Amino acid sequence: MFKNTILKFFLQLFTAALIIVSSQSQAATQSPDSTFDKVMDSGVLKCGYYVFPPLLYKDPNSGKMSGIFVDVMNSIAEKTNIKIEWSEEVTFGNWGVALQSNRIDAVCTSPWPDLPMARVALFTDPLFFSGMYPFVRENDERFKGKITLEMINSKDIIYLSQEGNLSYNLGKQLFPNAQSYVLGPEADTSLFASSIVSKKADVALSDSNLVNQWNKNNSDKIKLLTTLPPVKVQQYPLAVRKGDYTLLNFLNLAIHEMQYDGEMDRILKKWEPEPGKTFLRVNDPYKNPY
C-alpha cells in the first residue's frame, strides 16, 4: 500500500512537470509580439520623434509635421492601412524611457545608435547613412591647411559631446587627451553649433546636414573638416522595444521595399539641402559593396 502511494505521488509530480514544460513551450512558440498585434488591431503606430530638419520639421503654429521621416512613415502607413500617430517629442536622453514605458511603439526619427544603445532597444536596418566629421568655427585659424585627428586630440582643444549621443562615446575613443565639454541628454541639437561659435568648445562631430542647416540661418559660420576621412559612417535606423521582433521585421520589410524601388532615394532628394549629396544611400543588394 505504501509503495503504491509513493508511486502514485511521483506519477502525479511527473505529470504536473510535463504540463508546465508543455505550456511554457507552447507560449514560447505561439505568443506573438504584443506591440505588433496592438498596432495591427488598433490600426495605429505611436511614434516618438525629435525635431531636426530635414529629418523632421514641426510647424510651431499648426503643429504639422513634414520631412524625410514623416514621408517614410506616411508611406508605410498608406501601404499597410495603418495610421501614424506622432505621440511624443523625445530627446537623445529620454527616447529609451518612452519606449520601455510603452508610451510609444517606435522611435520614428533615427536616434543615431551606437553599441551601448543596444541595451535598451532594437534597431531596424538603416534607411540611409551620413559621414560624420569634426566641425569647427569657420574662422578658427588653428584648423586651416592640413588637418589631422592628432591636432584635435590635444589638451589645448575643447571637444563638445552630448550624453546619450554617439558623440560622447566616439569622442572618448578619438580624443581622450582633449578637454571635454558635455551637453546634457535633454539639450537641443542646435546647441552643438551654437556652443562652437560662442567658443564654449572648439570641435564637435556631425554631418554636412547640421552644418548646412546652421549656416543657412546664422551669420556666424561653422565648417566641416572634410579634408579628413569621415570618423564614422553613421546609420539612420528606426528603433523599437527589445523583444518586438515582429514589429522590427515588419519595418525592415517596408524599409527594404522603399530602397529597392527607388522611393527612399526620391524622398531624400526631395528634402536634402544638396540633393543626392547630403546623405549616403544604402547599396543595392546586387551591387558589389567593395
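No lab work stands behind these numbers, since they all come straight from the coordinates. Since the model is a prediction, treat every value here as computed from it, not as a measurement. Cβ placement follows ideal geometry from the backbone for every residue including glycine, while neighbour counts extend to all protein chains displayed.
Estimated purely from DSSP H runs of n ≥ 4, each contributing -39500 (n - 2.57), the mean residue ellipticity at 222 nm for the chain is -12000 deg cm²/dmol once divided by its residues.
Can you give the relative contact order of segment 130-233 as a percent, counting alpha carbon pairs under 8 Å and 6+ residues apart?
Values: 171 pairs, mean separation 47.8, N = 104.
RCO, segment 130-233: 46 percent.
Structure remark: mean-square fluctuation, Gaussian network model of the chain, C-alpha springs under 10 Å; the largest value among Glu138, Glu150, Glu272 belongs to Glu150. Reported to the nearest whole Å, the Cα centre-to-centre distance from segment 244-283 to segment 146-169 is 30. Size descriptors for segment 130-233: radius of gyration and Dmax over Cα atoms are 12.3, 36 Å. Model label sites at Asp125 and Ser66, defined 7 Å from Cα along the beta-carbon direction, differ in position by 3.1 nm.
Each other residue within a Cβ distance under 12 Å of Asn212 adds +1 if Lys or Arg and -1 if Asp or Glu, for a net charge of +1. Which lysines have a Cα lying under 24 Å from the Cα of Lys242, excluding residues fewer than 8 positions away in the same chain? In chain and number order, the partners are Lys38, Lys46, Lys83. Spatially close Lys pairs in segment 130-233, defined by Cα atoms under 19 Å apart and a spacing of eight or more places or different chains, total 15.
For Lys64, the aspartates and glutamates whose Cα comes closer than 15 Å to its Cα, not counting residues fewer than 8 places off in the same chain, are Glu85, Glu88, Glu89.
The distance separating the Cα centre of segment 91-115 from that of segment 174-243 comes to 20 Å. With q set to 0.06, 0.17 Å⁻¹, the log10 of I(q)/I(0) for the chain, from the Debye formula over equal scatterers at the Cα positions, is -0.27, -1.44.
Restricting to Cα pairs below 8 Å that are 6+ residues apart, what does the relative contact order work out to for the chain? Please round to a whole percent. Mind showing how you got there, number by number?
Values: 447 pairs, mean separation 69.8, N = 290.
The normalised contact order for the chain reaches 24 percent.
Of all DSSP beta bridges located in the chain, what percent are antiparallel, nearest 5? Intermediate values should be presented prior to the final figure.
Details: 20 of 34 bridges.
Just about 60 percent of them are antiparallel.
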